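The values are calculated or read from the model by the stated rules, or taken from the named source; none is laboratory data. Computed from a prediction, not measured in an experiment: that's the story for all the values here. Cβ coordinates were reconstructed from backbone atoms using ideal geometry, including for glycine residues, and neighbour counts include every protein chain displayed.
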């Protein structure tokens with residue numbers, strides 16, 4: 001019994017004494033620890049990495065400034081082994097918050113992984129962005145960002161390195177599709193992400209609608225509703241007879257925005273099942289009614305992730321839309337953004353999700369119904385988008401009467 005008492009006493013003494021005042025920087029570390037402890041999806045994982053001991057270890061080192069606190073928090077989070085649970089310094093937190101609102105401060109490059117060698121390449125520059133002004137074109141490879149190799153940064157790290165406060169600059173080393181290497185100093189500025197784009201197209205004597213979502217930010221559900229109203233309103237070409245939903249390179253964003261879009265395309269069908277830190281499962285169901293009830297085909301690829309995978313999985317499981325393209329990314333974890341007291345923040349994994357049929361897509365992705373030929377077009381809806389041509393052919397073939405030629 002005395003040994004047990006001694007052990008318990010040692011554990012109490014090992015924690016920071018309540019009577020000792022912590023500095024603001026130390027309080028930031030404790031605040032981050034507490035928030036992760038309260039909300040992380042897998043408490044058992046926290047126990048495995050000795051989460052309480054990690055707090056004690058962090059506070060043993062001198063922490064007198066915010067940068068030192070950020071370093072301590074990052075060191076504390078690393079053993080969890082979850083790349084999506086991370087420290088966001090004030091500029092990173094502000095940029096990510098702005099990103100969810102449909103705007104971002106950066107150079108205006110959409111990035112993806114080239115299937116042949118997993119190199120980070122430019123999908124497309126955003127219109128009127130610093131990258132577009134510099135003449136950077138689709139297929140350009142990112143070699144380094146401020147001297148750090150892109151393969152070391154990874155896709156997300158490279159994208160984060162290109163973002164930053166408006167008025168700042170970033171040095172980017174590039175390789176053109178023709179093999180020419182060069183460096184360019186790009187000035188960051190506020191860029192409109194234009195997350196929803198739509199138009200009509202003609203194929204086989206049919207009028208189809210094309211709706212592309214590049215990211216799920218706050219304005220997206222309203223913009224999708226407006227786009228579907230416009231596409232379904234008869235024009236000179238008549239009302240659309242089918243819809244191509246393009247989710248290629250949609251890396252996700254706000255899960256709530258993805259759920260709202262799914263709600264408008266699924267007539268009372270299940271959308272997703274989420275499991276929280278207590279293992280409690282909750283099923284999200286669409287409300288009755290549809291903004292568009294006609295035939296659909298959905299394009300996906302390895303850049304389709306998170307919230308866009310929720311939408312794609314729901315459409316596939318319900319039979320509402322076939323998926324065409326390549327296997328999706330496989331991110332079945334949901335994060336929340338939590339602000340810290342000094343303007344920095346945390347991204348914390350708070351839940352995992354399954355498709356309505358119970359598929360866990362974490363690290364597996366979703367296999368499309370129709371695999372489209374490689375190499376994949378780099379610029380969705382661009383002049384060389386062979387996948388879009390394939391999709392129109394597939395959708396037209398499913399329409400009553402198939403292709404018809406006036």
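Side notes on the structure shown:
- Restricting segment 51-78 to residues that are in contact (Cβ under 8 Å) with a residue 24 or more places away in the chain and either part of a loop (DSSP other than H, G, I, E, B) or in the same structural domain as residue 274 (by TED's automatic domain parsing) (or both), the residue that is surrounded by the most Cβ atoms within 10 Å (Cβ to Cβ): 63
- Taking the criterion of being within 15 Å of residue 295 (Cα to Cα) and touching a helix residue (DSSP H, G or I) at 6+ places or on another chain (Cβ under 7 Å), the only residue of segment 244-261 that qualifies is 244.
- Any hit, segment 215-222, residues being in a loop (DSSP other than H, G, I, E, B), surrounded by fewer than 21 Cβ atoms within 10 Å (Cβ to Cβ) and either assigned by TED's automatic domain parsing to the domain that holds residue 309 or in contact with a strand residue (DSSP E or B) (Cβ under 8 Å, 6 or more places away or on another chain) (or both): yes
- Checked against the criteria, residue 370 counts as in contact with a helix residue (DSSP H, G or I) (Cβ under 7 Å, 6 or more places away or on another chain), surrounded by fewer than 15 Cβ atoms within 10 Å (Cβ to Cβ), modelled with pLDDT of 95 or more and over 30 Å from residue 68 (Cβ atoms).
- Only one of 312, 307 that is closer than 24 Å to residue 97 by Cα, touching a strand residue (DSSP E or B) at 6+ places or on another chain (Cβ under 6 Å), touching a residue at least 60 places away in the same chain (Cβ under 8 Å) and assigned by TED's automatic domain parsing to the domain that holds residue 205: 307
- Looking at 205, 242, just one residue is assigned by TED's automatic domain parsing to the domain that holds residue 325 and surrounded by fewer than 15 Cβ atoms within 10 Å (Cβ to Cβ), and that residue is 205.
- Out of 228, 153, sole residue that is assigned by TED's automatic domain parsing to the domain that holds residue 256, touching a helix residue (DSSP H, G or I) at 6+ places or on another chain (Cβ under 9 Å) and not in a strand (DSSP E or B): 228
- The sole residue among 197, 163 that is surrounded by fewer than 20 Cβ atoms within 10 Å (Cβ to Cβ), touching a residue at least 12 places away in the same chain (Cβ under 8 Å) and at negative phi is 197.
- Test: residue in segment 141-152 that is surrounded by fewer than 21 Cβ atoms within 10 Å (Cβ to Cβ) and modelled with pLDDT under 85: no
- Residue count for segment 317-345, restricted to those that are in contact with a strand residue (DSSP E or B) (Cβ under 9 Å, 6 or more places away or on another chain), surrounded by fewer than 18 Cβ atoms within 10 Å (Cβ to Cβ) and over 20 Å from residue 301 (Cα atoms): 3
- Condition check for residue 213: farther than 28 Å from residue 399 by Cβ and in contact with a helix residue (DSSP H, G or I) (Cβ under 7 Å, 6 or more places away or on another chain): no
- Residue satisfying all of: in segment 330-345; in contact with a helix residue (DSSP H, G or I) (Cβ under 6 Å, 6 or more places away or on another chain) and in a strand (DSSP E or B); nearest to residue 274 (Cα to Cα) among these: 334
- The residues of segment 83-96 that are in contact with a strand residue (DSSP E or B) (Cβ under 7 Å, 6 or more places away or on another chain) and modelled with pLDDT under 80, listed by number, are 95, 96.
- Residue in segment 282-309 that is modelled with the lowest pLDDT, counting only those that are crowded, with 20+ Cβ neighbours inside 10 Å and more than 16 Å from residue 246 (Cβ to Cβ): 306
- Boolean, residue 126 is more than 21 Å from residue 383 (Cβ to Cβ), touching a strand residue (DSSP E or B) at 6+ places or on another chain (Cβ under 7 Å), surrounded by fewer than 20 Cβ atoms within 10 Å (Cβ to Cβ) and not assigned by TED's automatic domain parsing to the domain that holds residue 248: no
- Which numbered condition residue 41 misses (of (1) at pLDDT below 90; (2) in contact with a strand residue (DSSP E or B) (Cβ under 6 Å, 6 or more places away or on another chain); (3) not in a helix (DSSP H, G or I)): (1)
- The number of residues in segment 346-392 that are assigned to a loop (DSSP other than H, G, I, E, B) and either within 22 Å of the chain's Cα centre (by Cα) or closer than 19 Å to residue 302 by Cβ (or both) comes to 26.
- Residue within segment 240-257 that is over 26 Å from the mean Cα position of the chain (by Cα) and farther than 19 Å from residue 380 by Cα present: yes
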